[in-house]
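Below you'll find the structure, written out as structure tokens, and then a few comments.
The values are calculated or read from the model by the stated rules, or taken from the named source; none is laboratory data. From a predicted model like this one, the values you see are computed outputs, not experimental measurements. Heads up, the Cβs are rebuilt from the backbone with ideal geometry, glycines too, and the neighbour counts pull from every protein chain shown. We work out accessible area using only protein heavy atoms, side chains counted, and drop any ligands, DNA or RNA first. Shrake-Rupley method; radii C 1.70, N 1.55, O 1.52, S 1.80 Å.
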Amino acid sequence: MSPIEQNDDDLRALRELRPVEPPPELGHRVWRQGRAEMEAVSAGSWLTLAIRAWTRVGLPAALVATVVGYLSWAVTSASALYR
Amino acid sequence: MRDPTEQPLVDALRRGEASAFDAAYARYRGRIYGFLLRLCRRPDVAEDLFQETFLKLARNAPRLAEDTDLTAWLFTVARNAWVSHRRWSMLDVSRLVALEDDTLPAAKAPDPDARADAARAMDRLERALASLPAASREVLLLVGVEGFEQDEVAGMLGIKYDALRQRLTRARAQLAEKLAMVETLEVPA
């Protein structure tokens, strides 16, 4: 249970202390830097996603397609030699 | 207790939406800056730690857990940044002098407009709070000013619930004592 629910005047008085706004120059600087970081992280995460999709799906699929295509060609060519 | 209106904000942060950072910053900047300023009592340090806290949010937003309590997360990061700063300050000999001089900030000149009893009471409270030891200030800011539940604060500070209760009891006794001192000093001779 929160101590404030226990009718404690000292803690209740503390709740009256207001938030303190940062100085405008600091506030704007931190907001600007944070937003830039957030955008960089988001861009980074899209790139990471794209690389992961390529290495886990795209590249193996391309390799399989190449191998299957080559084997098909090889079998077709070998069959043609015996005809 | 977790604020249910936080969930859409956490979801947007996890998706990496820059507008979610704007919303989180607008919502928490005053509370975090006030917490840090009251905790470290030095505006220059509070400014650095404030910046560190929100940059950490921006960098870690996509990695937040789905059920993150954003308020508790931000206060924990801010508090840990302060603890880390204090640790490094102790190692930095050049800052020892500054730490020794870490007393109450000079009393502000009385504001002619702030004559209301409530304003004076707040001023006394701020001064009494600022004169407490760091560990007591920390627990009173989190439980009293920010209204976190005691078990949440125990988690944030990395201590057991019973230890938190003891620390809170001690802090309240110290606050009452300091308030009495501040009031005695204000009584005109």
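Among the trypsin sites (Lys or Arg not before Pro) in segment B:148-189, those located in a DSSP loop and surrounded by at most 16 other Cβ atoms within 10 Å of their own Cβ are B:Lys160.
Accessible area of segment A:3-81 with a 1.4 Å probe: how many percent of it is carbon plus sulfur?
Numbers: 3740 of 5540 Å².
The nonpolar share, carbon plus sulfur, comes to 67 percent.
With unit charges on the beta carbon (Lys/Arg positive, Asp/Glu negative), name the residue among A:Val20, A:Leu47, A:Thr66 whose Cα is farthest towards the positive pole of the charge dipole of segment A:3-81. After comparing all options, I get A:Thr66.
A simple rule links phi to the HN-Hα coupling: the Karplus curve 6.51 cos²θ - 1.76 cosθ + 1.60 with θ = phi - 60°, which for segment B:149-162 gives 5, 5, 5, 5, 5, 4, x, 5, 8, x, 10, 6, 4, 5 Hz, with x for Gly and Pro.
Between the listed residues B:Phe35, B:Leu55, B:Thr68, the Cα displaced farthest toward the positive end of the dipole of segment B:1-84, a dipole computed from Cβ unit charges relative to the Cα centre, is found at B:Phe35.
To the nearest 100 Å², how much accessible surface do chains B and A hide from each other in total, with a 1.4 Å probe? Could you put the intermediate results ahead of the total?
Numbers: alone 11490 and 7720 Å², together 16050 Å².
Chains B and A together bury roughly 3200 Å² of accessible area.
What a 1.4 Å probe finds exposed on segment B:7-73 is 46% carbon and sulfur by accessible area, rounded to a whole percent. Magnitude of the charge dipole for chain A, about its Cα centre and with charges confined to Cβ atoms of Lys, Arg (+1) and Asp, Glu (-1), is about 960 debye.
Count, for each residue of A:27-36, the Cβ atoms from other chains sitting within 10 Å of its Cβ, then give me the mean as a whole number.
Working: counts 8, 0, 2, 11, 6, 0, 4, 15, 7, 4.
Neighbouring Cβ atoms belonging to other protein chains average 6 per residue here.
Between the helical axis of A:59-82 and the longest alpha-carbon principal axis of chain A there is an angle of about 10 degrees. For the segment A:18-26, counting C-beta atoms of other chains within 10 Å of every residue's C-beta and taking the mean gives 6. Under the combined filter of DSSP loop state and at most 11 neighbouring Cβ atoms within 10 Å, segment B:13-94 retains these GluC sites (Glu not before Pro): B:Glu66. Within segment B:13-42, which trypsin sites (Lys or Arg not before Pro) sit in a loop by DSSP and count at most 13 neighbouring Cβ atoms inside 10 Å? Those that pass, being in a loop and sparsely packed, are B:Arg15. In terms of accessible area, using a 1.4 Å probe and ignoring ligands and nucleic acids, B:Thr53, B:Thr184 rank largest first as B:Thr184, B:Thr53.
Converting phi to 3J(HN,Hα) with the Karplus coefficients 6.51, -1.76 and 1.60 and the offset θ = phi - 60°, segment B:54-69 yields 6, 5, 5, 4, 4, 6, 9, 3, x, 9, 5, 6, 4, 9, 4, 8 Hz in sequence order, with x at every glycine or proline.
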